[in-house]
1. Scan (1) within 14 Å of the chain's Cα centre (by Cα); (2) part of a helix (DSSP H, G or I) for the single condition K99 breaks and write down its number.
2. From (1) closer than 21 Å to E156 by Cα; (2) of a type in the set (S, T, Y); (3) in contact with a Ser or Thr (Cβ under 9 Å, 6 or more places away or on another chain), pick out the condition that doesn't hold for T40.
3. What are the pairs, 6+ residues apart or on separate chains, where a residue within segment 47-65 that is under 17 Å from L35 (Cα atoms) has its Cβ under 6 Å from a residue that is surrounded by fewer than 20 Cβ atoms within 10 Å (Cβ to Cβ) and at pLDDT 95 or above?
4. Out of the residues in segment 6-30 that are modelled with pLDDT of 80 or more and aliphatic (A, V, I, L, M), which is nearest to L64 (Cα to Cα)?
5. Among the numbered conditions (1) closer than 29 Å to K18 by Cβ; (2) touching a Pro at 6+ places or on another chain (Cβ under 9 Å); (3) not hydrophobic (A, V, I, L, M, F, W, C), tell me where P118 comes up short.
6. Restricted to segment 146-162, and to residues that are free of Cβ contacts under 8 Å to residues at least 12 places away in the same chain and open to solvent by 60 Å² or more (accessible area, probe 1.4 Å), which residue is farthest from T52 (Cα to Cα)?
7. Being outside any helix (DSSP H, G or I) and either open to solvent by 70 Å² or more (accessible area, probe 1.4 Å) or closer than 20 Å to G51 by Cα (or both) is the filter here; which residues of segment 125-145 pass it?
Amino acid sequence: MSESYLESLIFFIEAQDKLLASFYLILGKTLGGVLFIPGTPLTILSGVVLGTFWGTVVAVIGNLLGATLAFLLARYFLFNYVQEKLLKKYPKIDEYENKLFKNGFWTVVFLRLVPLFPFNALNFVLGVTQVKFKEYFLGTAIGIIPGTFAFVYLGESFKMLS
């Protein structure tokens, strides 16, 4: 992302009231999760615009919505495509298949805490595994908090420097 584009985006989001800015950030992160757009810049921007607490809340909501939508799309509409394209690209996920079936929640938390796979790809790939939706959702919700918090805090730190 070019610096001028990022500056324009920051200016646009900061010009909105906090509620509208939150909506745009959640929408951007949700769509990004489905369209394979890296969410880190928007997570950092959440910290710049909303501060650490509300930025983390907003970024987690957006990440969770995007991750959930991608998971459901993979499971119910893109199953064959994801198996043929993404699963071949990340064959290591097969090592986790049995763990996902037996201990889905903890395996998802682990996969979220330890970035072995790109976030957006993992959302789709987990949709074609045996992990139960509830375990995926809760594991993702808990597992993304530390990393999201770190990037949001980084964003607020950037704002403090300027």
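The values are calculated or read from the model by the stated rules, or taken from the named source; none is laboratory data. Given the structure is predicted, the values throughout are model-derived calculations rather than measurements. Heads up, the Cβs are rebuilt from the backbone with ideal geometry, glycines too, and the neighbour counts pull from every protein chain shown. With ligands, DNA and RNA removed, areas are computed over all heavy atoms of the protein, side chains included. Shrake-Rupley method; radii C 1.70, N 1.55, O 1.52, S 1.80 Å.
1. The number of the failed condition is (1).
2. (3)
3. L64/A141
4. Of everything passing the filter in segment 6-30, I26 is nearest to L64 (Cα to Cα).
5. Of the numbered conditions (1) closer than 29 Å to K18 by Cβ; (2) touching a Pro at 6+ places or on another chain (Cβ under 9 Å); (3) not hydrophobic (A, V, I, L, M, F, W, C), the odd one out for P118 is (1).
6. For segment 146-162, the residue satisfying everything is S162.
7. The answer is Q130, K132, I144.
Residue-by-condition table, conditions (1) among the β-branched types (V, I, T); (2) open to solvent by 90 Å² or more (accessible area, probe 1.4 Å); (3) more than 19 Å from E135 (Cβ to Cβ):
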residue: T68; (1), (2), (3): yes, no, no
residue: A74; (1), (2), (3): no, no, no
residue: E95; (1), (2), (3): no, yes, no
residue: T107; (1), (2), (3): yes, no, no
residue: F119; (1), (2), (3): no, no, no
